[in-house]
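Heads up: the structure comes next, in structure tokens.
The values are calculated or read from the model by the stated rules, or taken from the named source; none is laboratory data. Remember, predicted model here, so these are calculated numbers, not experimental data. Because the Cβ atoms are built from the backbone with ideal geometry, glycine has one as well, and the counts that use them run over all protein chains shown.
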Amino acid sequence: MSAPEKRKKIFSGPCDFMLGVADLVQLPNVNVAEIAFAGRSNVGKSSLINAVMGRSIAHVSKTPGRTQQLNFFNVGDHFCLVDMPGYGYAKVSKTLRDQWDQLIGDYLRGRANLKIVFVLIDARHGFKDTDLDLLNMLNEAAVATRILLTKSDDVKKPELDRIKAEVEHRLKKSPASFPLALPVSSWERSGIEELQDIILGLI
Ligand SMILES: Nc1nc2c(ncn2[C@@H]2O[C@H](COP(=O)(O)OP(=O)(O)O)[C@@H](O)[C@H]2O)c(=O)[nH]1
Ligand SMILES: [Mg+2]
């Protein structure tokens with residue numbers, strides 16, 4: 001099967017919501033590869049997941065910081081897509097932040113089939129402290145990580161190049177992370193096929 005055929009088969013095939021998990025005891029048993037997406041609230045995670053899957057599966061929210069659960073989707077029994085709860089929203093209480101740390105920490109340590117966590121970073125701003133906290137957790141758990149620079153349509157090329165270089169420089173301190181960041185735009189659908197191919201290479 002050619003690469004475009006394979007892409008079409010998997011990313012246009014069935015994609016079913018399995019469950020939302022707020023507590024680790026509820027984690028499903030998954031026999032296929034697990035592919036997760038994480039990022040600050042409002043970074044464009046839902047839009048990107050929808051662009052990758054070519055349909056609306058993740059809720060594009062105007063009120064960030066609310067979903068505190070891991071959402072599992074079964075993509076045609078080929079892989080399991082995990083939408084991780086957003087973080088870094090200023091108005092969230094310390095209790096909720098602690099819950100997030102606990103849930104994500106336990107999740108990252110406990111998943112044998114977790115192939116990669118894509119960490120979404122706003123191409124207009126680069127890393128924030130909370131992103132670096134997550135990178136540290138991913139390193140400690142030795143989970144493969146790859147940075148996606150979202151909303152790249154909204155930054156001029158020289159600025160995008162500058163932020164990308166800055167992010168990649170910081171990644172030298174993150175051995176679990178792939179050294180290059182991939183710019184994406186859900187609005188212009190740029191970088192989406194590359195991202196699909198990365199996923200196909202892991203499942
Ligand atoms: N310029 C631009 N804006 C985007 C893009 N993707 C999402 N957004 C906007 O960013 C905001 C947050 O998007 P959403 O997908 O809900 O982010 P989430 O909170 O991370 O799930 C919304 O206003 C989107 O319209 C993109 O590719 N380019
Ligand atoms: Mg969202």
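Miscellaneous remarks
- One residue stands out among those in the stretch 176-192 that are of a type in the set (A, V, I, L, M, F, W, C) and either over 15 Å from the mean Cα position of the chain (by Cα) or more than 16 Å from Lys157 (Cα to Cα) (or both): the one that is nearest to ligand 1 (Cβ to nearest atom), which is Trp187.
- Condition check for Met18: at pLDDT 90 or above, under 30 Å from His125 (Cβ atoms) and away from ligand 2 (no atom under 11 Å from the Cβ): no
- Within the stretch 40-49, the set of residues being near ligand 2 (Cβ under 9 Å from one of its atoms) and either among the polar types (S, T, N, Q) or assigned to a strand (DSSP E or B) (or both) comprises Ser41, Asn42, Ser46, Ser47.
- Residue satisfying condition, being within 17 Å of Leu182 (Cβ to Cβ) and not basic (Lys, Arg), within set Glu168, Glu140: Glu168
- For Ile199, the stated conditions hold: it is part of a helix (DSSP H, G or I), under 16 Å from the mean Cα position of the chain (by Cα), within 24 Å of Gly110 (Cα to Cα) and of a type in the set (A, V, I, L, M, F, W, C).
- Qualifying position, being out of contact with any helix residue (DSSP H, G or I) (no Cβ under 6 Å at 6 or more places or on another chain), within 16 Å of ligand 1 (Cβ to nearest atom) and not hydroxyl-bearing (Ser, Thr, Tyr), among Lys157, Lys173: Lys157
- Residues that are at pLDDT 90 or above, away from ligand 2 (no atom under 13 Å from the Cβ) and touching a strand residue (DSSP E or B) at 6+ places or on another chain (Cβ under 7 Å) do occur in the stretch 55-73, at least one of them.
- Of everything listed in (1) of a type outside the set (Asp, Glu); (2) away from ligand 2 (no atom under 16 Å from the Cβ); (3) in contact (Cβ under 8 Å) with a residue 12 or more places away in the chain, the single unmet condition for Leu120 is (2).
- When the stretch 108-158 is filtered for residues that are crowded, with 17+ Cβ neighbours inside 10 Å, in a helix (DSSP H, G or I) and among the acidic types (Asp, Glu), only Asp131 remains.
- Filtering the stretch 11-56 to residues that are surrounded by fewer than 14 Cβ atoms within 10 Å (Cβ to Cβ) and of a type in the set (Phe, Trp, Tyr) leaves only Phe17.
- Comparison of Ala38, Ala112, Ala33 shows that the only residue that is farther than 27 Å from Trp187 by Cβ and either within 14 Å of ligand 1 (Cβ to nearest atom) or modelled with pLDDT of 95 or more (or both) is Ala33.
- Lys8 within 16 Å of ligand 1 (Cβ to nearest atom), surrounded by fewer than 17 Cβ atoms within 10 Å (Cβ to Cβ) and over 15 Å from the mean Cα position of the chain (by Cα): no
- Any hit, the stretch 77-94, residues being exposed (fewer than 15 other Cβ atoms within 10 Å of the Cβ) and either under 12 Å from the mean Cα position of the chain (by Cα) or touching a residue at least 60 places away in the same chain (Cβ under 8 Å) (or both): no
- Hits in the stretch 22-41 (condition: of a type in the set (S, T, N, Q) and either touching a residue at least 60 places away in the same chain (Cβ under 8 Å) or more than 23 Å from Arg146 (Cα to Cα) (or both)): Gln26, Asn29, Asn31
- When Val52 is tested against the conditions (1) more than 9 Å from ligand 1 (Cβ to nearest atom); (2) assigned to a loop (DSSP other than H, G, I, E, B); (3) under 22 Å from Gly191 (Cα atoms), the lone failure is (2).
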